[in-house]
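The values are calculated or read from the model by the stated rules, or taken from the named source; none is laboratory data. Predicted model, so just to flag it, every value in this text is computed and none were measured. Here the Cβ is made from the backbone with ideal geometry for all residues, glycine too, and neighbour counts use every protein chain on show.
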Amino acid sequence: MARSFQLFLNSAGPTFTVSMDAMTNDPVGHAWIGMAAADGSARTIGFWPDAWYSGIAGPGKLHSEDPHAGEQNHSFSAQVSKEDLERTLDVIAAFDNSTYSLLVRNCADFAEQMWLAATGTYAYPNTDEELDQLVWTPAAIGAAAEERKELKAQADKTKSGGR
């Protein structure tokens, strides 16, 4: 998986938009990362159980394109360089064909680690909330997205003089 991702990085432009996407409108939810290059090429990548199994842990697998791409109801993004995205290669290598755990090594944990590697920032704008987040879930990513929206709206209101 890391090799095909490196090929994408090499063939695309020097700047990218990376997005953290979450779908929270079903009982479990899902989270993944989207990447779009300035030349219009795009990829998504998410972490899944390799097969549905009984219990909460088992083999995991990365999927690119992520099967839920386009179904997100929460999303936030940042502009990054090719070098920034190359930092995610270690995360991809660590997760590909590794153990999936619904509680501690799931799709949301993968998305959070990818976001941190690419942007150097946490999903939650408030670091204290990030540190309180022991288990990443799609709902937690949705909450981070909503908090980011609120902070942007407040900043925009301040810039416009409160109007």
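Computed values, structure above
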item	result
Qualifying residues in region 43-59 (those that are over 14 Å from the mean Cα position of the chain (by Cα) and without any contact (Cβ under 8 Å) to a residue 40 or more places away in the chain) - the one nearest to T24 (Cα to Cα)	W52
Flag for L62 being touching a residue at least 40 places away in the same chain (Cβ under 8 Å), buried (at least 17 other Cβ atoms within 10 Å of the Cβ) and assigned to a strand (DSSP E or B)	yes
Failed condition for T119, given (1) at pLDDT 90 or above; (2) farther than 25 Å from F16 by Cβ	(2)
Number of positions in region 76-117 that are polar (S, T, N, Q) and under 12 Å from the mean Cα position of the chain (by Cα)	4
Residue that is touching a Phe, Trp or Tyr at 6+ places or on another chain (Cβ under 6 Å), crowded, with 16+ Cβ neighbours inside 10 Å and not polar (S, T, N, Q), where the choices are G29, G46	G46
Any hit, region 149-161, residues being hydroxyl-bearing (S, T, Y), at pLDDT 80 or above and farther than 17 Å from M20 by Cβ	yes
